[in-house]
Every structure is written in C-alpha cells, then in structure tokens.
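Report on the structure given below.
Laboratory data are not the source of any read-out in this text; all were calculated from the coordinates shown. If you're wondering where the values come from, they're calculated on a predicted model, not measured in any experiment. Cβ placement follows ideal geometry from the backbone for every residue including glycine, while neighbour counts extend to all protein chains displayed.
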Amino acid sequence: MSHMTVERLHELFDENPEKEALAWNGECHDCKKPMSVSATPQADGIRIDGGSVYEPETNKFIIKCDACFLEDPVLRQYQDCEVYSRVVGYLRPVGQWNDAKQSEFEDRKLFDSSITPKVA
Ligand SMILES: [Zn+2]
C-alpha cells in the first residue's frame, strides 16, 4: 500500500521549512495503542523513529507501531465506508446528512428478520 516514500518526506520537509523534525501523534491503526512517529533529517537520509507512516490519500496520515508493522506491513481497512440510507424519501450517503438526521440515524435499530415472533 502507500508507504511514505523518501521523496514524499522531502516534500513534507519542503512544505514545512520551519520544522526540524516531523511527528505524527495518535494511535496505532492496528492495535490502537497511543504512539508517535517522528522523521528527522540526517546527513545520510531521513531517520524514522517510533513506527511507520502511511499516506493512503494526500495529507491523510495513518501510523502503525513497529510490532504491528512486523506482524502485517500492509495497511488494511483504512477507507471510510460510505453508507447510503433513506432520509426523507431519498437514498443519500449518511455522511452528507445534516447533524440532526445523522444523530437520528445512530438511533435507528436494525430489524432482525430471523427472529420469529412468539405466538401466545
Ligand atoms: Zn500497533
């Protein structure tokens, strides 16, 4: 998948000339432990500490700790899943609904058709 390339790191340093090091703080994508990754320019390249950085979309950064990277270096399940549902008569992506309707969507319950109603 899209590992951070050295070229992209140089680009980020060029975009942030005031920074001596870059850091990504957050949680590991896989194990959710809080962590941070830093990139520091050295004479012979850029030193990465703390884990791995992925950029599946421009400026969308995802970090993974070393342990999880060793287990599986591939970045999986990083895309937001667009859910369509019916809102006032139309099928629209839930992400585009207004806040009130999105909150109402959270309250919706799934109908389980496998449950047979008990007949007294
Ligand atoms: Zn991890």
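When you count the other C-beta atoms within 10 angstrom of each residue and take the mean per peptide, 75-81, 24-30, 9-15 line up highest first as 24-30, 9-15, 75-81.
Entry note, the chain: the mean residue ellipticity at 222 nm calculated from DSSP H runs of n ≥ 4, each adding -39500 (n - 2.57), is -5500 deg cm²/dmol after division by the residues and rounding to the nearest 500. Pairwise alpha-carbon distances in the stretch 6-71 exceed 18 Å for 36% of all pairs. With a cut-off of 13 Å on the backbone N, the residues of the stretch 6-20 near the modelled label site 7 Å out from T40 along Cα-Cβ are 20.
What would the Debye formula give as log10 I(q)/I(0) at q = 0.09, 0.10, 0.15, 0.17 Å⁻¹ for the alpha-carbon point model of the chain, no solvent? Taken in order of the listed q values, log10 I(q)/I(0) reads -0.44, -0.52, -0.82, -0.91. Counting only residues at least eight positions apart within a chain, or on another chain, the lysines with an alpha carbon under 18 Å from that of K60 are K32.
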